[in-house]
Amino acid sequence: IKQLFSPEMLGISGIRTLATSEYRFRPGAYHNGSVWLWDTYLIAQGLDYHGYHGLAYELEKRIRKVIASTKQFPEFIRGDIGSTEPTLNTQIVDVWDEQNQRVNRVEQPPQEVQAWTVGAIVAMTARRHVLGHRAKHPSRRKFENEILKSMESSRHQI
């Protein structure tokens with residue numbers, strides 16, 4: 001959980017597909033640094049199931065922010081470092097792979113409406129109504145509060 005909520009994995013829009021410290025990290029790459037809203041939703045669901053309701057809610061807020069700011073339900077969003085607003089890829093970026101003698105697509109715009117992103121929004125809304133009353137375990141609450149406080153102190157790095 002600490003690693004997922006570290007500045008290397010957590011972006012303004014959710015959990016990145018690859019840590020920013022990794023060699024292959026590219027914030028707009030399809031699976032090498034972008035944020036997939038469905039993956040972030042599933043992580044939030046697991047956190048909620050295990051009693052980390054505040055952390056789950058934090059991820060859900062980020063997903064909702066993407067939807068509100070882009071006015072779309074994109075399959076993925078950029079995982080830029082230090083970004084204060086969710087950002088979509090707007091162009092296709094192809095590079096020539098000299099070793100394999102072929103074009104390699106490293107960035108592309110996301111699909112604007114993705115069913116699993118819409119499904120995540122619907123499920124989050126329904127789940128909050130059902131599980132919103134669940135009590136937190138004291139040791140989990142303490143651990144969760146430590147992470148949330150560390151996120152506030154490093155908010156400028158996300």
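Would you work out if the stretch 1-78 is rounded, prolate or oblate? Take a ≥ b ≥ c from the square roots of the eigenvalues of the alpha-carbon gyration tensor; rounded if a/c is under 1.5, else prolate when a/b is larger than b/c, oblate otherwise.
Oblate shape, in that a/c is at least 1.5 and b/c is the bigger or equal ratio.
When the accessible area of the chain is split by element with a 1.4 Å probe, what percent falls to carbon and sulfur?
The C+S portion of the solvent-accessible surface of the chain is 54 percent.
Tell me what the chain gives for mean residue ellipticity at 222 nm when only DSSP H runs of n ≥ 4 count, each as -39,500 (n - 2.57), the sum divided by the residue total, rounded to 500 deg cm²/dmol. Each step should come with its number before you reach the end.
On the way: 4 runs with 64 residues, N = 158.
Dividing the helical sum by the residues of the chain leaves -13500 deg cm²/dmol.
Name the most mobile residue of Gln91, Gln111, Gln101, meaning the one with the largest mean-square fluctuation, in a Gaussian network model of the chain with Cα contacts below 10 Å.
So, out of Gln91, Gln111, Gln101, the one fluctuating most is Gln101.
At 0.36 nm per residue, minus the direct Cα-Cα distance, what do Glu98 and Ala115 gain on full extension? Give it in nm, one decimal, please.
2.5 nm
Can you tell me the accessible area per residue over the chain, all protein chains present, probe 1.4 angstrom, in square angstrom?
56
Testing the spin-label approximation: label points 7 Å from Cα along Cα→Cβ at Lys71 and Arg105. State their distance in nm.
Between Lys71 and Arg105, the simple spin-label model gives 2.6 nm.
In a GNM of the chain with a 10 Å cut-off on Cα contacts, which of Ile15, Ile63, Ile92 has the highest mean-square fluctuation?
Ile92
For the chain, the longest stretch holding no GluC sites (Glu not before Pro) located in a DSSP loop with at most 13 other Cβ atoms within 10 Å is which?
Numbers: sites that count: Glu22, Glu98, Glu112.
The answer is 23-97.
In what order, largest first, do Asp39, Asp97 sit by accessible area if the probe radius is 1.4 Å?
Details: Asp39 70, Asp97 35 Å².
Ranked list, largest accessible area first: Asp39, Asp97.
Of the labelled options (1) 44, 38, 27; (2) 57, 30, 25; (3) 56, 40, 32, which one gives Cα extents along the principal axes in Å as computed for this structure?
Here the calculated entry is (2).
Excluding ligands and nucleic acids, what accessible area in Å² is computed for Met9 using a 1.4 Å probe, to the nearest 10?
About 30 Å², rounded to the nearest 10.
If you take the charge dipole of the chain about its Cα centre, with +1 on Lys and Arg Cβ and -1 on Asp and Glu Cβ, which of Gly11, Leu88, Leu55 is farthest toward its positive end?
The residue sitting farthest along the positive end of the dipole is Leu55.
Magnitude of the Cβ-charge dipole of the chain, K/R +1 and D/E -1, about the Cα centre, nearest 20 debye?
Dipole about the Cα centre, nearest 20: 760 debye.
Under 10 Å, Cα contacts only: if you run a Gaussian network model on the chain, which one of Gly54, Gly28, Gly46 comes out with the highest mean-square fluctuation?
Gly46
The values are calculated or read from the model by the stated rules, or taken from the named source; none is laboratory data. In this text the structure is predicted, and so the values were computed from the model without any measurement. Cβ: placed from backbone, ideal geometry, glycine included. Neighbour counts: every protein chain shown. Keep in mind that these areas ignore ligands, DNA and RNA; they rest on the heavy atoms of the full protein, side chains included. Shrake-Rupley method; radii C 1.70, N 1.55, O 1.52, S 1.80 Å.
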